[in-house]
Amino acid sequence: MIRKFQNRDLPRVMEIWLASNLEAHHFVSSEYWLGKQNLVQTLLPQSNVYVFLHNGMIVGFMGLHDDFIEGLFVDRMHRSRGIGGSLMDFVKSVHGVLALHVYKENVRAYEFYLKNGFTVSREWDDEETGKRVFEMVWQK
């Protein structure tokens, strides 16, 4: 089940956010992600966030700002079960265009977005991490 984020969801969402970033972005120092926690914790409730529940527990979420996907995260134990795809289909149903940024080295995410109809529109080196980033866009 997908529903809108509620403030009480913040601890679980942050747990998934940190664990997922540390695992998926092993090529970026863990200090970088640990240093972003307070900022993300402040910004998350101000964004459009949708959570995916399995047996009443949050196992994934997606955050958006207008038509920009800020992040899509699924708990490690629940990946490859269609949760990310369900969240993506949900937001595609209410948006005509979507954009996002993904690290080139995050191959699993990059391939997921390609599979979901996104194409690379530009690329650059991220100033904070020095890593290559793709901007990807999807249109209905």
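Annotations for the structure displayed:
- Among the residues making up region 118-140, those that are in contact (Cβ under 8 Å) with a residue 24 or more places away in the chain, closer than 23 Å to residue 52 by Cβ and surrounded by 12 or more Cβ atoms within 10 Å (Cβ to Cβ) are 136, 138.
- Of residues in region 64-87 being among the acidic types (Asp, Glu) and assigned to a loop (DSSP other than H, G, I, E, B), the one farthest from residue 103 (Cα to Cα): 66
- Considering region 101-140, the residues that are among the basic types (Lys, Arg) and in a helix (DSSP H, G or I) include one that is farthest from the chain's Cα centre (by Cα), namely 115.
- Hits in region 31-87 (condition: over 11 Å from the mean Cα position of the chain (by Cα) and of a type in the set (D, E, K, R)): 31, 36, 66, 67, 75, 76, 79, 81
- Test set (1) closer than 23 Å to residue 116 by Cα; (2) exposed (fewer than 14 other Cβ atoms within 10 Å of the Cβ) - residue 11 fails condition number: (1)
- Counting only residues that are loosely packed, with under 13 Cβ neighbours inside 10 Å and within 17 Å of residue 26 (Cα to Cα), region 87-107 holds 1 of them.
- Tally, over region 58-84, of residues that are small (Gly, Ala, Ser) and either in contact (Cβ under 8 Å) with a residue 40 or more places away in the chain or in contact with a helix residue (DSSP H, G or I) (Cβ under 8 Å, 6 or more places away or on another chain) (or both): 4
- Of residues in region 1-54 being among the aromatic types (Phe, Trp, Tyr) and either in a strand (DSSP E or B) or free of Cβ contacts under 8 Å to residues at least 12 places away in the same chain (or both), the one farthest from residue 130 (Cα to Cα): 52
- Hits in region 25-58 - residues which are loosely packed, with under 11 Cβ neighbours inside 10 Å and of a type in the set (Ser, Thr, Tyr): 42
- Scanning region 63-117 for residues that are more than 21 Å from residue 53 (Cβ to Cβ), among the hydroxyl-bearing types (Ser, Thr, Tyr) and modelled with pLDDT of 95 or more returns 110, 113.
- Flag if residue 61 is assigned to a helix (DSSP H, G or I), surrounded by 13 or more Cβ atoms within 10 Å (Cβ to Cβ) and hydrophobic (A, V, I, L, M, F, W, C): no
- With respect to the stated conditions, residue 22 fails to be touching a helix residue (DSSP H, G or I) at 6+ places or on another chain (Cβ under 7 Å) and either crowded, with 19+ Cβ neighbours inside 10 Å or of a type in the set (Ser, Thr, Tyr) (or both).
The values are calculated or read from the model by the stated rules, or taken from the named source; none is laboratory data. Treat the numbers as computed from the prediction; the structure is a model and nothing was measured. Glycine also receives a Cβ, built like all others from the backbone with ideal geometry; neighbour counts cover every protein chain displayed.
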